[in-house]
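*Asks:* The structure is given below, and queries will be raised subsequently.
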Amino acid sequence: MAVMMQAFYWDCPIKEQKEGEWWNFLAEKAPELGKAGINAVWLPPICKGAEARSPGYDPYDYFDLGDYDQKGGVKTLYGNRAELENLIKVLRENNIGAYADMVINHNSGADEEEVNPIDGQKRWTKFNPKSGRFPRDWNCFHPSRYERVMIEGENFAGFPHLCHRNPRVYTAMFEYARMVIEELGFDGFRFDFAKGYGAWMIGLLAKYRYERDGKEFTPFVVGEYWSGPDDIGNWLDEVRAVTDNQIAAFDFPLRYKLKDVCDTLKYDLRNLTSDGSVVAERPFNAVTFVENHDMGGNEIVNDKNLAYSFILMNEGYPCIFWYDYYNLGLNRPGTPNGIDALIDAHHRYVGGEACILHADPDLYILQRGGFEGKTGCIYVLNNLGDKWSGTAVKTQWHNRKFKPVAWDGHDVAHPDERTTDGEGNAEFPAPPRGYCVYAPVFE
């Protein structure tokens, strides 16, 4: 099972004094990330936005990757095309894939206002990008001759909303997607604000038969559909109806449960066993995460590694947030108490069926049964703030010794090894407000 990293946070090049150099900076970090066990990175939007210093979620010129002098500069906030291509090359050399952030609904930075004859309203919808590709006018946006009423999605902060049913728009989005996969060498797409347009558009871009290095290539696809589990499930069904390829969604419902685990006093851990998350209903469609660039004002404040332990020991495709890993120092390399140790345990032991062995308000114990060389493990989450806690559970392993491989909490003393009896029973504890991962020992 792979591990993804969101390799940026909001305005990161500005805050870290690396404007126009983020692609180069990430290339320097690639060997370190590969060694830590990161399998893929989600990169920020690659094209020129309404301003050269924009984070990229307001596309102006989809085909200017930092090489045209427009919107206040040549480079994007992150760099130029040559630096991006080098980054992807270096990532591949370190066995790391790359996912592109696709912002294909709202645009900004138009060059002129014009009157939309459908409703008589004046809007900034005249775009004349210097790349010469995908110039557009009012008919490329809602309302247009192709779709007068915006029946799909939501408006977004006043930005003009692209009308994908216009063949010019449709074609441009295909050209952009093909450039991303076939020319630049990305391995997948993360679709931004998927509420804002029809699921059919993602389905078509996902199922297109891309070619790379003379071979057919199927990209990984995940959508940001920020809603509850039922809405996300319905969206996944809508996308699946128009493509045979596997589509994933970010698990926002689980993320809010994990925030409660970390920040709500005496949160009942039995809530983690219930439905109400993507991973609980559709584990093969879930990208699980703890934090992202949009969570400003709603960040997890306390004991965040509790949440990381949960997503890295459970089912789903876990995504690590750059700011947590580096800026908050939660990676803690060379210790058993941070994200690095959890990633290592994930790769070595986490596989096979996830089976909840025990759950009460303060204690949660999960067994991963093992699969294809991964031996399986026991994961314990303790919500009590003042003492170690554990209980006896019946595992699938009989007369087997277990060693602690990753742990953290308000007491980081080394946990003891455990041994199951002839029926597979043993007690597995975790530190106060902490977790512990136990791996079976096969000598």
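The values are calculated or read from the model by the stated rules, or taken from the named source; none is laboratory data. The shown structure was predicted, so the numbers you read here are calculated from the model rather than taken from an experiment. All Cβ positions, glycine included, derive from the backbone under ideal geometry; neighbour counts span all protein chains shown. The protein model used for the area step is the full one, side chains on, heavy atoms only, and it has no ligands, DNA or RNA in it. Shrake-Rupley method; radii C 1.70, N 1.55, O 1.52, S 1.80 Å.
*Asks:* Hey, among ALA52, ALA27, which residue is in contact (Cβ under 8 Å) with a residue 12 or more places away in the chain, in contact with a Ser or Thr (Cβ under 9 Å, 6 or more places away or on another chain) and of a type in the set (Gly, Ala, Ser)?
*Replies:* On inspection, the qualifying residue turns out to be ALA52.
*Asks:* Residues being farther than 12 Å from ILE181 by Cα and part of a helix (DSSP H, G or I): count how many of those fall in segment 79-100.
*Replies:* 11
*Asks:* Being closer than 22 Å to THR264 by Cβ and either of a type in the set (Lys, Arg) or within 24 Å of the chain's Cα centre (by Cα) (or both) is the filter here; which residues of segment 345-391 pass it?
*Replies:* Once the filter is applied, which keeps residues that are closer than 22 Å to THR264 by Cβ and either of a type in the set (Lys, Arg) or within 24 Å of the chain's Cα centre (by Cα) (or both), segment 345-391 yields LEU366, TYR379, LEU381, LYS387.
*Asks:* If the requirement is being among the aromatic types (Phe, Trp, Tyr) and within 27 Å of HIS293 (Cα to Cα), which of these qualifies: TYR349, TYR379, TYR317, TYR364?
*Replies:* Exactly one residue qualifies, and that residue is TYR317.
*Asks:* Here are TYR62, TYR99: which of them is in contact with a helix residue (DSSP H, G or I) (Cβ under 8 Å, 6 or more places away or on another chain) and of a type outside the set (A, V, I, L, M, F, W, C)?
*Replies:* Going through TYR62, TYR99 in turn, the sole match is TYR62.
Yes or no, residue by residue, for (1) modelled with pLDDT under 95; (2) open to solvent by less than 10 Å² (accessible area, probe 1.4 Å); (3) within 25 Å of PHE289 (Cα to Cα):
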{"residue": "ARG165", "(1), (2), (3)": "yes, no, no"}
{"residue": "MET173", "(1), (2), (3)": "no, yes, no"}
{"residue": "TYR176", "(1), (2), (3)": "no, yes, no"}
{"residue": "GLU182", "(1), (2), (3)": "no, no, no"}
{"residue": "PHE193", "(1), (2), (3)": "yes, no, yes"}
{"residue": "GLY196", "(1), (2), (3)": "yes, yes, yes"}
{"residue": "THR218", "(1), (2), (3)": "no, no, yes"}
{"residue": "ASN245", "(1), (2), (3)": "yes, no, yes"}
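*Asks:* Given (1) small (Gly, Ala, Ser); (2) in contact with a Lys or Arg (Cβ under 6 Å, 6 or more places away or on another chain); (3) open to solvent by 60 Å² or more (accessible area, probe 1.4 Å), where does GLY373 come up short, assuming only one miss?
*Replies:* Unmet for GLY373, out of (1) small (Gly, Ala, Ser); (2) in contact with a Lys or Arg (Cβ under 6 Å, 6 or more places away or on another chain); (3) open to solvent by 60 Å² or more (accessible area, probe 1.4 Å): (2).
*Asks:* Can you name the residue in segment 122-163 that is farther than 24 Å from LEU65 by Cβ, of a type in the set (S, T, N, Q) and modelled with pLDDT of 90 or more and is also most open to solvent (accessible area, probe 1.4 Å) among such residues?
*Replies:* ASN139
*Asks:* THR288 is checked against (1) surrounded by fewer than 21 Cβ atoms within 10 Å (Cβ to Cβ); (2) more than 15 Å from ARG433 (Cβ to Cβ) and fails just one. What number does that condition carry?
*Replies:* (1)
*Asks:* Could you please let me know if TYR349 is open to solvent by 50 Å² or more (accessible area, probe 1.4 Å) and either touching a strand residue (DSSP E or B) at 6+ places or on another chain (Cβ under 7 Å) or at pLDDT 95 or above (or both)?
*Replies:* no
*Asks:* Let me ask something else. For segment 292-330: of the residues being among the hydrophobic types (A, V, I, L, M, F, W, C) and open to solvent by 30 Å² or more (accessible area, probe 1.4 Å), which is farthest from ARG282 (Cα to Cα)?
*Replies:* LEU328
*Asks:* Let me ask something additional. Consider GLU32 against the criteria (1) open to solvent by 10 Å² or more (accessible area, probe 1.4 Å); (2) touching a helix residue (DSSP H, G or I) at 6+ places or on another chain (Cβ under 6 Å): it satisfies all of them except one. Which criterion is unmet?
*Replies:* (2)
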